[in-house]
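The values are calculated or read from the model by the stated rules, or taken from the named source; none is laboratory data. Just so it is clear, the structure is predicted and the values come from calculations on it, not from any experiment. FYI the Cβ positions are ideal-geometry reconstructions off the backbone, even for glycines, and counts take in every protein chain you see. For the accessible areas, the whole protein counts, side chains as well, though only heavy atoms, and no ligand, DNA or RNA atoms are used. Shrake-Rupley method; radii C 1.70, N 1.55, O 1.52, S 1.80 Å.
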Amino acid sequence: MTDPARESIPRHIAIIMDGNGRWASERGLPRKEGHRAGAEAVREAVEACNEIGVRYLTLYAFSSENWNRPKPEVAALMTLLERFLKTKAKEIGKKNVQLKAIGRLDMLPERTRNQLDKVIAETSSNDGLTLNLALSYGSREEIIDATKALAKEVQSGALSVEEIDHDIFSSHLYTNNTPDPDLLIRTSGEFRLSNFLLWQLSYAEIFISPKNWPDFHKDDFRAAVEEYKHRNRRFGKV
Ligand code: FPP
């Protein structure tokens, strides 16, 4: 008999898109070319989600630690993001995708931020896939921001300490109103969480691909979802 829980497709997939730099250096190209190829793989992942029926896709596009990379690389990533937002916005809109972003977005350059806000506003009434970009994102920073917001509410008397539970805490994270990821994909064979969605990934299934992100195509994405379908998720139960 088919177990429907095992057959189900993931509602929310999160991806650590790793290996752009290695993809480029293996080809004798500058790192920014790896990121450019990585942006193409993003397009494929979005398409695959639409085809499979995944509801939420969260991509680790720029971490809070990435600000420490050499200035030209940071600038190249911001330009790439702006270009992606400009050129892909129409495409995304047509596919009924809603764009969202999480992270300390106020740290982004003004031009990038404006472009991001524009596409978020333009796609806000779409009800297909939610494409959530983690930008200037760090999970520890997110948890600190949530804790500060909760502390302020307790201080003002709007909330009591006893009321704080999983749901209240989750609702103060940047991912408020988004279900936790069911599946985490990380490329380039690294087995780390790298400060990504530490709270939200508590019960996620993890799929590690040896491929660098620019080489992670639709077939690879489908294979990850197929493997997920056969995982036995117990959530701590027997
Ligand atoms: C990790 O590879 C990747 C990043 C830090 C940036 C991810 C960005 C993109 C995929 C493109 C832009 C995104 C969008 C949404 C348009 P790495 O540079 O750490 O690779 P390495 O470990 O091989 O050096």
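Here are the numbers:
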read-out: Which numbered condition N177 fails, given (1) more than 16 Å from the ligand (Cβ to nearest atom); (2) on the phi < 0 side of the Ramachandran plot; value: (2)
read-out: Any chance R111 is farther than 18 Å from L193 by Cβ, basic (K, R), without any contact (Cβ under 8 Å) to a residue 60 or more places away in the chain and in contact with a strand residue (DSSP E or B) (Cβ under 8 Å, 6 or more places away or on another chain); value: no
read-out: Residue in the range 45-56 that is touching a helix residue (DSSP H, G or I) at 6+ places or on another chain (Cβ under 7 Å) and near the ligand (Cβ under 10 Å from one of its atoms) present; value: yes
read-out: Count of residues meeting criterion [open to solvent by 40 Å² or more (accessible area, probe 1.4 Å), in contact (Cβ under 8 Å) with a residue 40 or more places away in the chain and within 18 Å of M17 (Cα to Cα)] in the range 48-81; value: 3
read-out: Of all residues in the range 25-43 being of a type outside the set (V, I, T), buried (at least 16 other Cβ atoms within 10 Å of the Cβ) and within 16 Å of F216 (Cα to Cα), the one that is farthest from the chain's Cα centre (by Cα); value: E33
read-out: Among residues of the range 23-32, those that are within 11 Å of the ligand (Cβ to nearest atom) and either at pLDDT below 95 or within 15 Å of P70 (Cα to Cα) (or both), counted; value: 2
read-out: Residue match in the range 2-13 (condition: farther than 26 Å from I144 by Cβ, open to solvent by 20 Å² or more (accessible area, probe 1.4 Å) and within 10 Å of the ligand (Cβ to nearest atom)); value: no
read-out: Extreme residue, surrounded by the fewest Cβ atoms within 10 Å (Cβ to Cβ), among residues of the range 203-238 that are β-branched (V, I, T) and outside any strand (DSSP E or B); value: V238
read-out: Options K100, K118; residue that is farther than 21 Å from E190 by Cβ and in a helix (DSSP H, G or I); value: K118
read-out: Residue count, the range 82-110 (criterion: within 10 Å of the ligand (Cβ to nearest atom), over 25 Å from P179 (Cα atoms) and hydrophobic (A, V, I, L, M, F, W, C)); value: 1
read-out: Where E47 falls short, out of the listed (1) assigned to a helix (DSSP H, G or I); (2) closer than 21 Å to L193 by Cβ; value: (2)
read-out: Criterion violated by A37 - all others in (1) more than 9 Å from the ligand (Cβ to nearest atom); (2) in a helix (DSSP H, G or I); (3) over 23 Å from S125 (Cβ atoms) satisfied; value: (1)
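Table: residues versus (1) of a type in the set (D, E, K, R); (2) in contact with a helix residue (DSSP H, G or I) (Cβ under 7 Å, 6 or more places away or on another chain); (3) more than 19 Å from A14 (Cα to Cα); (4) in a helix (DSSP H, G or I).
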site: K86; (1), (2), (3), (4): yes, yes, yes, yes
site: K90; (1), (2), (3), (4): yes, no, yes, yes
site: D106; (1), (2), (3), (4): yes, no, yes, yes
site: L159; (1), (2), (3), (4): no, yes, yes, no
